[in-house]
Amino acid sequence: MVTRMKANYRKLLLQGNKWIDGSDEYGLILTDDLDSLLSCAILKQVKGWDVEQVMIFKYDKDQNFDAHGITKNATHEAIGVDLALTEGKCFDNHLTQFKWNSTSNSESINLNRVAGISRDKYYRKYNLSTVLLLWSLYDLPKEGLSDELMMLLIAIDGSFQGFYTEEKYVWIHKHWLVDVLDLPEFYECEKRHTKDEFKEIQKKYNIHKGYGKITLKNGYLSTDIDIERVNDVLGWDTDIVVELPTDGFKKKAIYRDCMRSIDDSTRSISKFSDDVFSYALTNKYTVNYSERIEEKCDIQKQVA
């Protein structure tokens, strides 16, 4: 497969992970926003993989519960999408390595992992979306795209923010977008537009702050993302179609959504729990993680 991602990075991602270019069938774990939903659509288009599970963070905000659901027809090994699993296959854009000499999930298709970016180098982390990672990894179109589509793709997960940050940090954004993902057209698009214009794009597709979430109720998904508009702009230049799964999901697991402070002494997520499903360093001093819990709770009635 010919890809545009710089060869050395792709080679590192492939080490122990030949499955990303293989023909085996897998199921996908969808999370709760457009970065995961569109990433799942890309993987459906390129690999033929379907969503078979869902992970909804902060499902119950009052009790800080995360809900993990599975379809009754799920038969394949699961791959997390925009989900930093502690172990197992996943695509994600998060930072998970605490120290330069500590380890993280070797099956995670994550540029921070293969570049050796840890908490010590937080400011140099990959600061783009999972969508852009997959757009490059699987050689999706980059030339001749409409500005509208490129702006939407850059707006997901606030990827454009790195271009409009302090000048001394802009090179990090450009490094990942141009030097690693080989998407210079997207960088040129950013140069043609203002930060406010990207914010307007987020509002247009209903993915701005406080919106753009996927929710789960009585086992079925819904969202306030303007999926019809997303598909309209995707349809100009691609065959990718974003679809919210219509299958029902039964309860697979319930997790407590935890946030803890970290410092230079923190070397591993195991400091906090031995039963963590997923986690991410959300800033240099904070880790968020989903810890499995066993006690029964009302939330299970809604997921089942």
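Can you give the charge dipole size of the chain about its Cα centre, rounded to the nearest 20 debye, using +1 on the beta carbon of Lys and Arg and -1 on the beta carbon of Asp and Glu?
My answer is approximately 880 debye.
Counting Lys and Arg as +1 and Asp and Glu as -1, each charge on the Cβ, what is the dipole of the stretch 69-147 about the Cα centre in debye, to the nearest 20?
Value, rounded to 20: 360 debye.
For Ile109, what residues show an amide H to amide H distance below 5 Å, using hydrogens built from the backbone and excluding near sequence neighbours?
The list, which skips near neighbours in sequence, is Cys90, Phe91, Asp92.
Starting from the coordinates of the alpha-carbon atoms of the stretch 194-259, obtain the Kirkwood hydrodynamic radius over all distinct pairs and give the value in Å to one decimal.
Taking the inverse mean of 1/r over all distinct Cα pairs, the stretch 194-259 comes out at 14.3 Å.
Which log10 I(q)/I(0) values, to two decimals, does the stretch 245-288 give at q = 0.29, 0.33 Å⁻¹ under the Debye formula with one point per Cα?
-1.15, -1.36
Roughly what % of DSSP beta bridges within the chain run antiparallel, to the nearest 5?
Bridges in the chain are about 75 percent antiparallel.
Assuming 0.36 nm per residue, please report the length gained on full extension of the stretch Trp100 to Tyr122 beyond their Cα-Cα distance.
This chain segment gains 6.8 nm when fully extended.
Longer than 22 Å from Cα to Cα, which of Lys61/Lys271; Lys18/Lys174; Lys61/Lys199; Lys217/Lys251 are they? Say none if no pair is.
Beyond 22 Å: Lys61/Lys271; Lys18/Lys174; Lys61/Lys199.
Measure out, as a whole number of angstrom, how far apart the alpha-carbon centroids of the stretch 139-165 and the stretch 170-244 sit.
If you average the Cα positions of each part, the centres end up 7 Å apart.
Could you tell me what percent of the DSSP beta bridges with both partners in the stretch 1-110 are antiparallel, to the nearest 5?
Taking every DSSP beta bridge with both residues in the stretch 1-110, the antiparallel ones total about 30 percent.
Checking the cross-link filter: which aspartates and glutamates have an alpha carbon closer than 17 Å to that of Lys209, excluding same-chain neighbours under 8 positions apart?
Asp32, Asp33, Asp35, Asp157, Asp196, Glu197, Glu200, Asp224, Asp226
Hey, if you put +1 on the Cβ of every Lys and Arg and -1 on every Asp and Glu Cβ in the chain, which of Ser118, Trp176, Cys189 ends up farthest toward the positive end of that dipole?
The one lying farthest along the dipole's positive direction is Ser118.
Take each of the peptides 202-211, 261-270, 93-102, average the number of other beta-carbon atoms within 10 Å over its residues, and list them starting from the highest.
Top of the packing list down: 93-102, 202-211, 261-270.
For every helix of n ≥ 4 consecutive DSSP H residues, a contribution of -39,500 (n - 2.57) applies; sum these over the chain, divide by its total residues, and give [θ] at 222 nm rounded to the nearest 500 deg cm²/dmol.
-8000 deg cm²/dmol
Over the Cα atoms of the stretch 96-216, compute the convex hull volume and normalise it per residue, giving Å³.
It comes to 137 Å³ per residue, whole-number rounded.
Have a look at Leu132, Tyr164, Tyr26 and report the one farthest towards the positive end of the charge dipole of the chain, computed about the Cα centre with Cβ charges (Lys/Arg +1, Asp/Glu -1).
After comparing all options, I get Tyr164.
What longest region of the chain stays clear of GluC sites (Glu not before Pro) that DSSP places outside H, G, I, E and B and that have at most 13 other Cβ atoms within 10 Å?
167-242
What number results when the radius of gyration of the chain, computed over Cα atoms, is divided by 2.2 N^0.38 Å?
Dividing the Cα Rg of the chain by 2.2 N^0.38 Å gives 0.96.
Every number in this text was worked out from the coordinates using simple rules, so none of it is lab data. Quantities reported herein were computed from a predicted structural model and do not represent experimental measurements. We place every Cβ from the backbone using ideal geometry, glycine too, and count neighbours over all the protein chains shown.
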